[in-house]
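Visitor: Got a structure here, written out as structure tokens. Questions coming.
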Amino acid sequence: MNVWLINPPTHSGSVRGIRAVTSNLFFNSPPLGILYMAAVLEEDGHQVTVTDASLEGHGPDDLAKMGRDIQPDLVGIGATTTYFENASATAKALRRYLPDARIGVGGPHLTGNTDVLLGRDEFDFGVIGEGEIAMKEIAGHLRRGESYRDVHGVVTRSNGSLHFAPARPLNTELDELPFPARHLLPIHKYRPMPGDQHILPKTSMIGSRGCPFKCTFCDKQTFGPQFRGHSPERIVREMHYLKNEFGVRDVAFVDSVFTPNRRRVSDMMDAMEADPPGLTWSGSCRANVLDRELLTRMRKMGAWRVRIAIESGDDEILDRIRKGIKVEDFKRTARIAAELGFDVKVFFMVGHPGETPETIDKTIKLAKSLPLKDVTVQINTPLKGTAQYEEVDKWGTMLDVDAAAHSFFEPVFVPNGMTAKMLVNAQRRFYREFYLRPSVIWRHLRKIRCWADITKFFRAAPLLFTLIRPSGK
């Protein structure tokens, strides 16, 4: 079978302002979910083409013309909530040139919102949950001339309603999957966001799936809370592979959580110490899992940055969103990491249930009190399928906005007593007050080692300007 997998368009020349910023978030690293799928399909003997329309700047019409040359039998399009309509527009455009191809869609938005397939004639099917094995089985059924209607995890339309095949259990044997098929994309075209750039070439890796924690705003629970990890030895082998095959020098682990518990971190460090990968790396960490001993081992094995999500500086809000940590846990870990020479990047949010101007001030004050190098400040966005979505009426109002606004950088939900403009201005004030301080500017300037470190500041300037300027709304 000739299979074409597509990461859909995320931007166009007409996009301006904050949407131009958020579109950049989707082409700073390869779409690993699609590349895992491609690897499984190749292993099963299929011919696979992968196109990252976001990276290449292709729109739906461009992809339709490409499809005329590729002539795939099966097309799979990934889609987040923010860009589901772009995936839909792509499928409609492909129909003009590929009337006989089977076109499917998958991704977190569909998994949490299966009813979006109703009336979507551009899609023949959807895949719910993890897609590698489902797509392999769909391709196998088509190769044999059989129906894929009852492949586990597949949803199709029938007589105006949806037909759900039995649910597919989560894959717990991740080491059986091949490495992602990075050779199908120009991975050196990807550039990290300026603040995430350390040593080039850089790429991303996934060491685990799922998350054992219960944050109410997180749609990772849509795929199930079960944490499943590649073995530490397999992770180290992939790091060596990236270094030897692609010349990669820095790896960003993009797992939901790289440090779910002390045992996992310790085992990872054991594997790295036994077979040093010779790469620098970073990962997302739980503040209450790490201590000085583990952070010291991570630093010795090449970790240069820890990314910590704290979300709020108010313990009552942390309890409400079931974060499972306290402000003091975070402060302790952030300070130890900075003392050990880590760059510390922290994720915050404004607009939580029960948020007030006072709790936002408290969070900004916390960020400014610690030796952090970078922050990402998002606007809380209740997504369908999350625990938070079920109780939004209790805490505020959902706005009537399009799907593209669900990027965590535009107001979608407004807590009681606040307005959308207050949220936007709070987010931008947060960025201004954090970054426009001599101490933070110095933390960045003292890291300059080469010309690439200088050029990233020029790339960052328009991004930062958009984030810090007061809202005109």
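Any read-out appearing in this document is the output of simple, stated calculations on the displayed coordinates, not a laboratory observation. Owing to the predicted nature of the structure, the values given are computational and were not obtained by experimental measurement. Cβ placement follows ideal geometry from the backbone for every residue including glycine, while neighbour counts extend to all protein chains displayed.
Visitor: Straight-line reach only, C-alpha to C-alpha below 29 angstrom: list the lysines that K136 could link to, leaving out same-chain residues fewer than 8 apart.
Guide: K65, K92, K189, K220, K243, K384
Visitor: For D121, what charge total do you get from the other residues with a beta carbon under 11 Å from its beta carbon, if Lys and Arg give +1 and Asp and Glu give -1?
Guide: Local net charge: +2.
Visitor: Separate question: Helix 357-369 against the longest principal axis of the chain: what's the angle in degrees, Cα atoms only, rounded to the nearest 10?
Guide: 70
Visitor: Where in the stretch 142-182 are there GluC sites (Glu not before Pro) that are in a DSSP coil and have at most 15 other Cβ atoms within 10 angstrom of their Cβ?
Guide: Answer in residue order: E146, E173.
Visitor: Name the residues whose placed amide hydrogens come within less than 5 Å of the amide hydrogen of D52, ignoring near sequence neighbours (fewer than 5 apart) on the same chain.
Guide: When sequence neighbours closer than 5 places are left aside, the close amide H contacts are N7.
Visitor: Something else now. Under the rule of at least 5 residues apart or a separate chain, name every residue whose amide H is placed under 5 Å from the amide H of G396.
Guide: N416
Visitor: Could you work out the helix-only [θ] at 222 nm for the chain, with each DSSP H run of four or more residues adding -39,500 (n - 2.57) and the total divided by the number of residues, to the nearest 500 deg cm²/dmol?
Guide: Counting only the DSSP helices, I get -11500 deg cm²/dmol.
Visitor: Give me the lysines in straight-line cross-link reach of K365: C-alpha distance below 17 Å, same-chain residues under 8 apart excluded.
Guide: Cα-Cα hits under 17 Å: K326, K331, K345, K373.
Visitor: Related question: Could you give P(r) for the chain, binned at 20 Å from zero, as whole percent values over all Cα-Cα pairs?
Guide: Going from the shortest bin to the longest, the percentages are 23, 58, 18, 0.
Visitor: The stretch 160-256: which trypsin sites (Lys or Arg not before Pro) are DSSP loop and have at most 14 other beta-carbon atoms within 10 angstrom?
Guide: In loop regions of the stretch 160-256 (DSSP not H, G, I, E or B), the sparsely surrounded trypsin sites (Lys or Arg not before Pro) are K214.
Visitor: Using 0.36 nm per residue of separation minus the Cα-Cα distance, give me the extension gain between W442 and Q71 in nm, one decimal.
Guide: 128.2 nm is the gain from fully extending W442 to Q71.
Visitor: Calculate how steeply helix 262-274 sits against the longest principal axis of the alpha-carbon atoms of the chain, using the helix alpha-carbon long axis, and give the answer as 0 to 90 degrees to the nearest 10.
Guide: Around 80 degrees separate the two axes.
Visitor: Where nothing but the Cβ of Lys and Arg (+1) and of Asp and Glu (-1) is charged, how large is the charge dipole of the chain around its Cα centre, in debye to the nearest 20?
Guide: Dipole size: approximately 1860 debye.
Visitor: Going by alpha carbons, how many degrees (0 to 90, nearest 10) lie between the helix axis of 32-43 and the longest principal axis of the chain?
Guide: So the helix axis and the longest Cα principal axis differ by about 40 degrees.
Visitor: Sticking with this structure for a sec: Loop only by DSSP, 14 or fewer other Cβ within 10 Å of the Cβ. Give me the GluC sites (Glu not before Pro) in the stretch 371-434 that pass, ordered by residue number.
Guide: Filter output for the stretch 371-434: empty list.
Visitor: With a Förster radius of 30 Å, plug the Cβ-Cβ distance of E43 and L200 into 1/(1 + (r/R0)^6) and report the FRET value to the nearest 0.05.
Guide: 0.50
Visitor: Note the full-extension length gain between R449 and E146 as 0.36 nm times their separation in residues minus their Cα-Cα distance, in nm to one decimal.
Guide: Length gained, R449 through E146: 103.2 nm.
Visitor: Once amide H atoms are placed 1.01 Å from N in the peptide plane, what residues at a sequence separation of 5 or more from E311, or on another chain, have their amide H within under 5 Å of its amide H?
Guide: For E311, the qualifying residues are F347, F348, M349.
Visitor: With 10 angstrom as the radius, rank L174, L366, L242 by how many other C-beta atoms surround their C-beta, starting from the fewest.
Guide: Lowest to highest Cβ neighbour count: L174, L366, L242.
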